[in-house]
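First comes the structure, then the notes that go with it.
FYI, it's all coordinate maths here, none of it is from the lab. This one's a predicted model, so the numbers in the text were calculated from it and none came from an experiment. Every residue, glycine among them, receives a Cβ derived from its backbone with ideal geometry; neighbour counts consider all protein chains shown.
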Amino acid sequence: GSPALNQLVLTFCAAGTPIYLSTGLTGVSGARLRTIPLAHEPISLVRPPHHSRIQLAVKRALDMVMAALLLVLTAPVMAVAALLIKAHDRGPVLFRQVRIGRDGEPFTLFKLRTMEVDAEARLTELRYRNERHGPLFKVSGDPRITPIGSMLRSTAIDELPQLLNVLSGRMSIVGPRP
């Protein structure tokens, strides 16, 4: 807490020992941080990242090239996965879900379907087993996951259709998850 920290700072300063304090922030470039005094207290200012138009254009070009290349290379794997999903229960191969993306804009995320067709309807019967709080839902050993879906999830093959989202500009190869 602040009182104990203040006492430590005073003790070490009196002894002539320099002190380094962490903000506790992770993943923030030091170039975006600045400490300013406010009411005689040090306050950390975190500036939003700034990218030039050239940097953004290069990132988008790399996203498109990488996504296209990866789609071509993984097409046989996705085709086999699609056949296995279809053979299991004749349901849709792709799972579509609206997510919130950049600037709060909704978009449709694509994945290979790893759950039974009626998974959303069965959600209410499993709600009591939820291991998360808030809007997220997670259940260990979720009975709605198909045997093929389990294998697709463990290998992350189910995520490959998101490369289509990258090609469309709704996602990026590198960046925050929606």
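What lysines could a cross-link reach from residue 111, if we take a straight Cα to Cα line under 19 Å and drop same-chain neighbours fewer than 8 places away?
Here the lysines satisfying the reach criterion relative to residue 111 are 86, 138.
Enumerate the calculated ³J(HN,Hα) couplings along the stretch 2-16 in order (Karplus 6.51 cos²θ - 1.76 cosθ + 1.60, θ = phi - 60°), each rounded to whole Hz, writing x wherever the residue is Gly or Pro.
4, x, 5, 5, 4, 5, 4, 4, 4, 4, 5, 5, 4, 8, x
Can you run phi through the Karplus equation (6.51, -1.76, 1.60; θ = phi - 60°) for the stretch 22-39 and list ³J(HN,Hα) in whole Hz, with x for Gly and Pro?
8, 6, x, 6, 10, x, 10, 4, x, 5, 8, 9, 8, 9, 10, x, 9, 6
Run the helix sum for the chain: -39,500 (n - 2.57) per DSSP H stretch of 4+ residues, divided by residue count, reported at 222 nm to the nearest 500 deg cm²/dmol.
-12500 deg cm²/dmol
Mind telling me which of 73, 38, 112 comes out most flexible in a GNM of the chain, alpha-carbon contacts under 10 Å?
The residue with the greatest mean-square fluctuation here is 38.
Where nothing but the Cβ of Lys and Arg (+1) and of Asp and Glu (-1) is charged, how large is the charge dipole of the chain around its Cα centre, in debye to the nearest 20?
That gives the chain a dipole magnitude of about 320 debye.
Suppose every Lys and Arg Cβ carries +1 and every Asp and Glu Cβ carries -1, with no other charges. What dipole size does the stretch 106-178 come out with about its Cα centre, to the nearest 20 debye?
180 debye
Just in the stretch 97-178: which chymotrypsin sites (Phe, Trp or Tyr not before Pro) are loop by DSSP and have at most 15 other Cβ atoms within 10 Å?
Loop-located and lightly packed - 137.
What range in the chain is the longest one free of GluC sites (Glu not before Pro) that are in a loop by DSSP and have at most 11 other Cβ atoms within 10 angstrom?
1-119
Using the Karplus equation 6.51 cos²θ - 1.76 cosθ + 1.60 (θ = phi - 60°), what ³J(HN,Hα) coupling, rounded to whole Hz, does each residue of the stretch 114-125 give in order, writing x for Gly and Pro?
So the J values, rounded to whole Hz, are 10, 10, 4, 4, 8, 4, 5, 5, 7, 4, 4, 6.
Using Cα pairs under 8 angstrom and six or more residues apart, how large is the relative contact order of the stretch 80-178, in percent?
28 percent
Below 8 Å, C-alpha to C-alpha, sequence gap of six or more: please give me the relative contact order for the stretch 100-153 in percent.
Relative contact order of the stretch 100-153: 39 percent.
With springs only between Cα atoms under 10 Å, which of 168, 140, 150 fluctuates most in a Gaussian network model of the chain?
140
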